Amino acid sequence: MDVLKVTEARKSFGPTRALDGASLELRQGEMLALLGPNGAGKTTLVRAIAGRARLDGGAIELFGRVLDVSSGKAAGREGLGVVPQDIALYPLLTARENLMSWGRLHGVAPHDLAPRVERALGWTALADRANEPVKRFSGGMKRRLNIACGILHEPRVVLLDEPTVGVDPQSRERIYDMLAELRDAGVSVLLTTHQLEEAEARCQRIVIIDHGKVISSGTLNELVERTIGAGRRVTLTLDRPPALALPGLEPGPGGTALVGLVRDVATELPTLLGEVREAGCRVLDVEVRSPSLHAVFIHLTGRDLRE
Amino acid sequence: MILTLIGIGLVNLRRDRVVQAMTFFLPIVFFSIFAGVFGSQGRDTMDRVRVALVDEDQTSASLRFVAALQKEGSLRVRTTARPTGADRKAPELPLDRARATGLVRDGDVPVAIVIPAGFGATFGSFDTTGKAIELLSDSSDPVASQVVSGLLQKTAMTAAPDLMARQGLGMFEKYGGPLTPQQRRAMDSWSRRIEGNAAPDSAGADSAGGGPGTPGAPSNPAGPALAGAVQVKVVDVLGEKKTNPIISFYAAGIAVMFLLFSASGAGGTLIEEVESGTLERLLTSRAGMGTVLAAKWLFITLLGVLQIVVMFVWGMLVFQLDLLPHLPGFFVMTLMTAGAAAGFGLVLATLCKSRQQLGGLSTILILTQSALGGSMFPRFLMPEGIKKIGNFTFNAHALDGYQAVFWRDARLIELWPQVLILGALTAVFLTVARLLARRWETV
């Protein structure tokens, strides 16, 4: 079931088309990654869903209800949580005070507020620092608190704009664990990210956007199938360079490696290994890899994500 | 290398309008204001002093004196006024002592001249037995009473020289013996001639070349009883019962200036919230831009009220400022002033693109307003032109209100002009801030 549906979203800033008919769906309880190079329209799309950017055309449905996209008001988005890319916290307030304040601003009932804040402090692993001013926190701690402040009102759909930007790997792991907990609780999560590996590993589906259009979407396997095919990249490391060229294999790095693409590993790989043996070489190592999201991304956009 | 760094500095200066304004514009503005106030822009004259004039004597001597005062170019004499509370269309009536006192109390004139009954009989006696002219003075403008005292002496000498001569001869005969009949005839003839020439015009002619600011004008003629051509008694109708009255001026002046600084600083948190993304997040919560601005305005207003209260309480404890008897008026003025200052701070914050820009612009505007509006030196020192410009400043109206409370013991209802102006300013500031803040709303 789709909890969020964007259809043909269009938005221009002067002559620049930030969104040029972008469409996507977010399903109940899934984590969806929105990928795209800088300027592709990711943030504009998130802001439009959050009611912070007025669309020139198209429609947005939240829980089956069509939202007003032309007035630029956030009304009708009560079940939505937004976590901005910036650390939008009050640095002189403590973690608890920030949570209490944002909870009130999001309309959390007074009798619910204190228990939710305590839960959020536990969820973010900040309970022991709850009474410290946020300005003393590390980047990762601020990021976690930033997320908690956006979900204190228990939204069913959460939008996160670059939730792990600028934090160390351990903090990133912790943040993705938090998001997984949300997803497991039935919350639908849409996040924009530059971290392809994380999108690949953590998100059920991926939407790739470029020049304001969604150019592909689906699971990683679906994306691979649709773009560079279902083949596997095989790397054979030999004891010495083969004397003759072997069919289907090309020289790889270091001179002793051969690289090839196989469609069916079970039937094609034994054949390749036999050909190498017949050529008088011994196989020291075999590596079989699926095509990465990075390869898919470059295939689709023609450029690296960080360009 | 040094040249390169200087070059970078020059490019930065060329592109930073705030720094340019702070470096070149603000000093010139301040120099001009100070030169205008204290240097009278190269002129040797002061602006005409507004006075109310009451003639209780109604003798030929007093009438001639009144006529001469009316022609005195350094005075703007008022002899009539509408009764208190009368309609605007009601005819003006000749002033009496009570109404003249009211005009001083209300701040319409800084000085009222009362020529008492019996003045004409002793006019020009040059001793202390004569009837003294009373100057009903608003001591919040100490310059005006000093100037008028000097002008009274000057006018006495020029308005009725024949009477002065007769009084002089009377004094001579009293102490030196009577004149001979021949001397008396000669004196009578001369007296008639100078009476004919006793031109009040001469006073006007004199004053065209110089008023109280001229080097020849008496510098300090006033006092409880003066032994000059006329005796002058200064009566302070406002500040006589007050302890350390001038302190309320400084307290209000400084408080309003720093209120504006703190309001613009607090308004600057809005820019910080824009830069940190907090405002963006606020706008995705239940708080819309109107709510955010209203909350900011209320907070800055409360902060301003607290700031002024602390200042005046300090003044009361350390400098005997007369705060407690004026509490209701003080709170009304403080609330209105703080509210308008908060609105002003929000306008600046919503106008500027960065905290740095806000700092520069607010410094320029607040210091200029404070100088023109009376926070740095009393407005009675200012030439009329600068006073008029000052009326466009926030400070002038706020200080007028505090002055009405602390000097004129104004009742709450009498503060309506200041309340109205500050209320209107608040409404305008908030409307402008709301319109300017639209750029941060949905794109």
Select from segment A:177-218 the residues that are touching a Cys at 6+ places or on another chain (Cβ under 9 Å) and β-branched (Val, Ile, Thr) and write down the one among them that is modelled with the lowest pLDDT.
-> A:Thr193
Quick one: in segment B:390-443, which of the residues that are β-branched (Val, Ile, Thr) and over 30 Å from A:Ala53 (Cα atoms) is nearest to the other protein chains (Cβ to nearest Cβ)?
-> B:Thr426
So, in segment A:130-153, of the ones that are away from chain B (no Cβ under 13 Å) and in contact with a strand residue (DSSP E or B) (Cβ under 8 Å, 6 or more places away or on another chain), which residue ends up surrounded by the most Cβ atoms within 10 Å (Cβ to Cβ)?
-> A:Ala130
In segment B:369-385, what residues are buried (at least 19 other Cβ atoms within 10 Å of the Cβ) and either out of contact with any Ser or Thr (no Cβ under 6 Å at 6 or more places or on another chain) or of a type outside the set (A, V, I, L, M, F, W, C) (or both)?
-> B:Gln369, B:Ser370, B:Ala371, B:Gly373, B:Gly374, B:Ser375, B:Pro378, B:Arg379, B:Met382
Would you pick out the residues in segment A:80-111 that are in contact (Cβ under 8 Å) with a residue 40 or more places away in the chain and among the hydrophobic types (A, V, I, L, M, F, W, C)?
-> A:Leu80, A:Val82, A:Val83, A:Ile87, A:Ala88, A:Leu89, A:Leu92, A:Leu93, A:Ala95, A:Leu99, A:Trp102, A:Val108
Got a number for residues in segment A:215-247 being touching a helix residue (DSSP H, G or I) at 6+ places or on another chain (Cβ under 9 Å), under 25 Å from A:Glu162 (Cα atoms), outside any helix (DSSP H, G or I) and not small (Gly, Ala, Ser)?
-> 1
Quick one: B:Ala295 ticks every box in (1) among the small types (Gly, Ala, Ser); (2) under 32 Å from the mean Cα position of the chain (by Cα); (3) surrounded by fewer than 21 Cβ atoms within 10 Å (Cβ to Cβ) except a single one, so which number is it?
-> (2)
Which of the residues that make up segment B:224-237 are of a type in the set (A, V, I, L, M), modelled with pLDDT of 75 or more and in a loop (DSSP other than H, G, I, E, B)?
-> B:Val230, B:Val237
So which residues in segment B:68-92 are at pLDDT 85 or above, surrounded by fewer than 16 Cβ atoms within 10 Å (Cβ to Cβ) and not charged (D, E, K, R)?
-> B:Thr80
Across (1) in a loop (DSSP other than H, G, I, E, B); (2) within 14 Å of chain B (Cβ to nearest Cβ); (3) modelled with pLDDT of 90 or more, A:Gly166 clears everything bar (3)
Counting only residues in segment A:82-112 that are in contact with a strand residue (DSSP E or B) (Cβ under 6 Å, 6 or more places away or on another chain) and farther than 21 Å from B:Val443 by Cβ, the one surrounded by the fewest Cβ atoms within 10 Å (Cβ to Cβ) is identified as A:Leu92
Given the residues B:Ala410, B:Ala433, B:Ala342, which is the only one that is aliphatic (A, V, I, L, M) and surrounded by fewer than 24 Cβ atoms within 10 Å (Cβ to Cβ)?
-> B:Ala410
For B:Asn391, are the conditions met, namely being surrounded by 13 or more Cβ atoms within 10 Å (Cβ to Cβ) and either touching a helix residue (DSSP H, G or I) at 6+ places or on another chain (Cβ under 7 Å) or in contact (Cβ under 8 Å) with a residue 12 or more places away in the chain (or both)?
-> no
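The values are calculated or read from the model by the stated rules, or taken from the named source; none is laboratory data. Keep in mind that what you see is a predicted model, and the values were worked out from it rather than measured. Ideal geometry is used to build each Cβ from the backbone, glycine not excepted, and the neighbour counts take in all protein chains shown.
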